[in-house]
Amino acid sequence: MANSRFLVFLFTFIIGVYVLSIFRDWYFLFPWLDIPLHLLGGLFIGLGAIWLDNQSARFFGERHPLEKLILVLGVVCLVGVFWEFFEFGLDYFYSLGIVGFKSQLSVADTIGDLFLDLLGGFIALISDWFFRSYSSRRLDRFHL
């Protein structure tokens, strides 16, 4: 479903909005901007894990759907936790000289961010399942 061009576009978009939001103070103007970025980040990581798994299936065979679910959501969780570590380090080192700058607002914000990461990964899994079943039904119609 996800090809490498779409993944590069999504990555560039997420990083571009993130960098612009830091340097243009968009997080102060639009406090909700963190929500779609975490959802898109989870979607990107999920689609990337699915893409890598599909590439490895050429050599190792297809995974069971439950294995794929655990793999993709596990990778999304791992990257999400490391991103929260990054935000914590950003607060600790970068905000020492800047009064009022905080990317880690509270524990509830961190848990919400991790939930949105997982939701994005789950959307990636659902879209992969949908496109696989749609393309297989389409091929069956033509007896290929």
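The values are calculated or read from the model by the stated rules, or taken from the named source; none is laboratory data. Remember, predicted model here, so these are calculated numbers, not experimental data. Don't worry about glycine lacking a Cβ; one is built from the backbone with ideal geometry, like all the others, and counts go over all protein chains shown.
Against the test of being at pLDDT 90 or above, outside any loop (DSSP other than H, G, I, E, B) and closer than 19 Å to F6 by Cβ, the options F115, F82, F122, F131 yield a single qualifying residue, F122. Quick check on E62: is it among the acidic types (D, E) and part of a loop (DSSP other than H, G, I, E, B)? When the stated conditions are applied, E62 passes them.
Annotation: K68 fulfils all but one of (1) modelled with pLDDT of 85 or more; (2) of a type outside the set (G, A, S); (3) under 23 Å from F9 (Cα atoms); the unmet one is (3). Hey, could you check segment 86-108 for residues that are surrounded by fewer than 10 Cβ atoms within 10 Å (Cβ to Cβ) and not small (G, A, S) and say which is modelled with the lowest pLDDT? My answer is V99. For the residues I22, I35, the requirement of being in a helix (DSSP H, G or I) and either modelled with pLDDT of 90 or more or surrounded by 16 or more Cβ atoms within 10 Å (Cβ to Cβ) (or both) singles out I35.
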